[in-house]
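Asks: Following this message is one structure expressed as structure tokens.
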Amino acid sequence: MIKTQSNMRIIDQLQEQNNRFDEAIESLTATKKSLQPKFLYDKYGSVLFEQITQLEEYYPTRTELSIMEGSLDEILRHISSRSTVIEFGSGASRKIRMLLESGMIDEYVPIDISKSFLMESSEQLSVDYPAIQVTGIVADYTNELNLPKELMDATKKKTVFFPGSTIGNFEKKEAHNFLSMIAALLSSGDGLLIGVDVKKAPRILHNAYNDKEGITAKFNLNLLTHLNRELGADFNLNQFEHYAFYNAELGRVEMHLVSMEEQVVTIGNKSILFNNHETIHTENSYKYSISEFQQLASSSGFVLEKTWTDPKELFSLHYLSVL
């Protein structure tokens, strides 16, 4: 544990979790090559994603922010005062600031896989909100979490904040299991405030993941840089291209990295053959109709209390509670 401010602490749990080298090798030697989206988020990947959220084509972030701004008083009534807010995948913390500004929250617990990014944002928040205890946890929240017991005190109201439609990165069964895991962490009366991207015209979705500036392509390709640095790989980024499309049948946007020639890549002492135009499937982003997500939440142990959306129904925000 590293402590850098009187009202801030960082708990690093990442080393306690699964072996990322073995996980990457297993995924890249499968019949259909893939990598988990978490490999996109080293420090530079997190910076690139924040740039993506500000692009003209990328509607989710600004739409979710507008929903929060227009419904903030109602959202805060669900969260209640003197509570703990736990955010999965905290990023640059723009959205959480809207909640922290209320003065209702005693403790904020951001959980992120990028330690450096988490430390920087947590330090800044601890300075900006000295009355709030900031407890940053470095962890892969897609695995089982071991949160400190004092955070999970059943006498204190807790709200998990999971904005940005990240739930769409999970396969349908995995999404159910993930939401069930959150419900199991919480106590009766606790809640989940979650952002969910809505199904819409394929043109809008295509543009959101294929921006004119090529920032999403850089973000996707940076995954290979991350593997080169952290796992001793020798990917040549000039031999791969970003490819994203909307799979209407499955209701998801898929991101891939395409090998532009036959080549062999090594990771540590492992050699991996790539055929010409073979892809690494790097991310899914499932889109849910409002009724589809409500059914998913209900089957995962939550009760819907409120849904908010924008006038064009591009995005939805849901407050769910645990019985």
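Asks: Would you mind computing, in nm to one decimal, how far apart the modelled labels at GLU50 and HIS78 are, each placed 7 Å from Cα along Cα→Cβ?
Replies: 2.7
Asks: Here is a follow-up. How far apart, in nm, are two points set 7 Å out from the Cα along the Cα-to-Cβ line at MET104 and at GLN36?
Replies: 3.3
Asks: Going by average Cβ neighbours within 10 Å, how do the peptides 250-256, 213-219, 28-34 rank, with the highest at the top?
Replies: 250-256, 213-219, 28-34
Asks: Let me ask something else. Antiparallel DSSP bridges in the chain: what percent, to the nearest 5?
Replies: 60
Asks: Just want to confirm a number: the relative contact order over the stretch 253-302, from Cα pairs under 8 angstrom separated by 6+ residues, in percent.
Replies: Once divided by the residue count of the stretch 253-302, the mean separation gives 38 percent.
Asks: Is the shape of the stretch 15-56 best called rounded, prolate or oblate, per the rule: a/c under 1.5 gives rounded, else a/b larger than b/c gives prolate, else oblate, with a ≥ b ≥ c the square roots of the Cα gyration tensor eigenvalues?
Replies: Judged from the Cα gyration tensor, the stretch 15-56 comes out oblate (a/c at least 1.5, b/c at or above a/b).
Asks: For the chain, what log10 I(q)/I(0) values come out of the Debye formula at q = 0.10, 0.12, 0.15 1/Å, with one point per alpha carbon and no solvent?
Replies: Listed by q, the Debye log ratios stand at -0.58, -0.84, -1.31.
Asks: When the chain is fully extended, how far beyond the present Cα-Cα distance does ALA184 get from LYS306, taking 0.36 nm per residue of separation?
Replies: That works out to 41.9 nm of additional length.
Asks: Report the accessible area of HIS281, computed with a 1.4 Å probe over the heavy atoms of all protein chains in place, in Å² rounded to the nearest 10.
Replies: Its heavy atoms expose roughly 40 Å² to the probe.
Asks: Which of ASP190, ASP140, ASP22 ends up with the largest GNM mean-square fluctuation for the chain, with Cα atoms connected below 10 Å?
Replies: For the chain, modelled as a Gaussian network with Cα springs under 10 Å, the answer is ASP22.
Asks: May I pose another question? With respect to the cross-link table entries LYS200/LYS312; LYS115/LYS156; LYS43/LYS115; LYS172/LYS218; LYS200/LYS287; LYS173/LYS287, which display a Cα-Cα separation exceeding 18 Å?
Replies: Too far apart for the 18 Å limit: LYS115/LYS156; LYS172/LYS218.
Asks: For the stretch 263-323, report the accessible area per residue in Å² (1.4 Å probe, heavy atoms, rounded to an integer).
Replies: Here the per-residue accessible area is 45 Å².
Asks: Right, next: Which whole number of Å³ per residue matches the convex hull of the alpha-carbon atoms in the stretch 217-259?
Replies: Dividing the Cα hull volume of the stretch 217-259 by its residue count gives 76 Å³.
Asks: Let me check the size of the stretch 202-323 from its C-alpha atoms; what are the radius of gyration and Dmax in Å?
Replies: In Å, with Rg to one decimal and Dmax whole: 18.9, 54.
Asks: Further, regarding this structure: Over the C-alpha atoms of the stretch 1-147, what are the Rg and the largest Cα-to-Cα span, Dmax, in Å?
Replies: 16.9, 52
Asks: Can you classify the stretch 123-180 as rounded, prolate or oblate using the Cα gyration tensor, where a ≥ b ≥ c are the square roots of its eigenvalues, rounded means a/c under 1.5, and otherwise it's prolate if a/b beats b/c and oblate if not?
Replies: The shape class here is prolate.
Asks: When the chain is modelled as a GNM with alpha-carbon springs shorter than 10 Å, which of SER114, SER285, SER271 fluctuates the most?
Replies: Top of the fluctuation ranking is SER271.
Asks: Taking the dipole about the Cα centre of the chain, with the C-beta of Lys and Arg at +1 and of Asp and Glu at -1, give me whichever of GLN51, SER298, ILE167 is farthest to the positive side.
Replies: Going by the Cα projections, it comes out as SER298.
Asks: When the chain is fully extended, how far beyond the present Cα-Cα distance does LYS43 get from ASN238, taking 0.36 nm per residue of separation?
Replies: Fully extending the segment from LYS43 to ASN238 adds 68.1 nm.
Asks: Which length gain, in nm to one decimal place, applies between ILE290 and LEU14 when the Cα-Cα distance is subtracted from 0.36 nm times their residue separation?
Replies: 96.0 nm
Asks: Which of rounded, prolate or oblate describes the stretch 193-242 when judged by the alpha-carbon gyration tensor and an a/c cut-off of 1.5?
Replies: Verdict is oblate for the stretch 193-242.
The values are calculated or read from the model by the stated rules, or taken from the named source; none is laboratory data. Because the structure is predicted, anything quoted here is derived from the model rather than measured. Here Cβ is always computed from backbone atoms with ideal geometry, including for glycine, and neighbour counts include all displayed protein chains. Accessible surface is based on the protein model in full, side chains and every heavy atom, while ligands, DNA and RNA are left aside. Shrake-Rupley method; radii C 1.70, N 1.55, O 1.52, S 1.80 Å.
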